[in-house]
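Read the figures in this text as sums done on the coordinates, not as results from a lab. As the structure is a computational prediction, the values presented were derived from the model and not from experiment. Note: ideal-geometry Cβ built from the backbone for every residue, glycine included; neighbour counts use all protein chains shown.
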Amino acid sequence: MEEWVIAVDLGGTLLRVALCNNQGEIQARHVEPTLAEEGPESVLMRLIASVRRLGDSVGWDRIQAIGVSSPGPLDPWRGVIHWSPNLPGWHQVPLVERLQAAVGRPVFLGNDANLAALAEQRRGAGRGQSDLVYLTISTGIGGGVISHGRLVLGRGGLAGEVGHMTLEANGPRCNCGNIGCLEALASGTAIARQARELVAAGARTRIADLAAGDLDRIDARLVHQAASDGDVVAVDLFRKAGVYLGIGLVNLMYLFNPALFVIGGGVAKAGDLLFVPMHATLRARIHEIYWKDCPVVPAALGDDVGLIGAAILAWERGEV
Ligand SMILES: [Zn+2]
């Protein structure tokens, strides 16, 4: 009789729940909008109902555990979500206790970016590597560090926040409250913000044409389109982001000496626009002993990365 875990990927936009085997294969899934604006009680009720339905469908005696991937900051050992910019109204929510009480099975909780790093290392682009750093570049920059095959979590489970390394002492304010974070300089939000500033200041750029005068329409995707059309202003925005990404990787190479970087997220789809200046920065700033055997590769797992990470967390019973 096959045994299962239930994986939950609680995102700011979508709530995904899946039944997974120990190969990380998804047997059944349910996806619904998180409706985060309804607040924690409503989201928790729907999360529990969704988990119940999947467990009922195969019988609870076959469910070994439940793994939950959630935006943080959170405490993976106490199973408490401290708060989250993506989940309005969530403050010290004891998610593990609530879900465990509702379904009577062990529940394990992890930070979404950390679990994505774990998933890529165990089942994705980093398979076979025991030391890697994962970054996801989208509206923000998240990530995780795997050292000697284990997630680096720190004392309270708050480690691995690669997007909040300070790169500019007097740089732009970050959403986290700090100044000059990698996220404030190289995320999709940062690229779009700089593009809006340039257009507002009257720069001659295809970005302005594509936005048809509406600053709110400028996002990283639109800047990427302008860059693909050969617009020098847009190309330069990606170049700057790529340089900052390179500086971030230099810091991470000095700290962790990884064998591999895995890069995911929508902004990474800009490809050479970002990665050529990033590689040039590495070569110019850090000795080749660090970078010559340390490839930077795209993430392999796509939208299921959160579910797969949560399933691994459940199978390994939180000992990741
Ligand atoms: Zn920050």
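With a simple spin-label model that places each label point 7 Å from the Cα along the Cα-to-Cβ direction, the separation between VAL31 and ALA201 comes to 4.0 nm. When only the Cβ of Lys, Arg, Asp and Glu is charged (+1, +1, -1, -1), the dipole of the range 128-299 relative to its Cα centre reaches about 200 debye. Between LEU255, LEU185, LEU99, the GNM of the chain built on Cα springs shorter than 10 angstrom shows LEU255 fluctuating the most. Here's how it looks for LEU167: its modeled amide H is under 5 Å from those of CYS181, LEU182, which are all 5 or more places away or on a different chain. When a/c is below 1.5 the answer is rounded, else prolate if a/b is larger than b/c, else oblate, so apply that to the range 44-138 with a ≥ b ≥ c taken from the square roots of the Cα gyration tensor eigenvalues. Judged from the Cα gyration tensor, the range 44-138 comes out oblate (a/c at least 1.5, b/c at or above a/b). Which residue, ALA201, ALA116, ALA227, has the most motion in a Gaussian network model of the chain that connects Cα atoms within less than 10 Å? In this elastic network of the chain, the residue with the biggest mean-square fluctuation among ALA201, ALA116, ALA227 is ALA201. Size of the chain from its Cα atoms: along the principal axes, largest to smallest, the extents are 63, 47, 32 Å. Full extension of the chain between ASP272 and ASN21 yields a length gain of 86.7 nm, computed as 0.36 nm times the residue separation minus the alpha carbon distance. Using a Debye calculation, one point per C-alpha and no hydration shell, please list log10 I(q)/I(0) for the range 128-299 at q = 0.12 Å⁻¹ in order. Scattering profile of the range 128-299, log10 relative to I(0): -0.54.
When the range 1-150 is described by a simple charge dipole with +1 on each Lys and Arg Cβ and -1 on each Asp and Glu Cβ, the residue from LEU87, SER138, TRP77 located farthest towards its positive end is TRP77. Across the options ASN251, MET278, CYS181, the greatest Cα extent toward the positive end of the charge dipole of the range 128-299 (unit charges at beta carbon of Lys, Arg, Asp, Glu) belongs to ASN251.
With R₀ set to 25 Å, the beta-carbon distance separating ASP229 from ALA280 gives a calculated FRET efficiency near 0.60.
Taking every DSSP helix (H) stretch of at least 4 residues in the chain, weighting each as -39,500 (n - 2.57) and dividing the sum by the residue count yields a mean residue ellipticity at 222 nm of -12000 deg cm²/dmol.
Distance from the Cα centroid of the range 244-276 to that of the range 49-95 is 30 Å (rounded to whole angstrom). Under a model in which nothing but the beta-carbon of Lys, Arg (+1) and Asp, Glu (-1) is charged, the chain shows a dipole of about 340 debye around its Cα centre.
Highest GNM mean-square fluctuation among ARG29, ARG196, ARG62, for the chain modelled with Cα contacts below 10 Å: ARG62.
Which value, in debye to the nearest 20, gives the size of the charge dipole of the range 200-320 about its Cα centre, when Lys and Arg are +1 and Asp and Glu are -1 at the Cβ? Taking the Cα centre of the range 200-320 as origin, the dipole is about 380 debye.
Around the amide H of ALA28, modelled in the peptide plane, lie the amide H atoms of LEU19, all under 5 Å away and 5 or more residues distant in sequence or on another chain.
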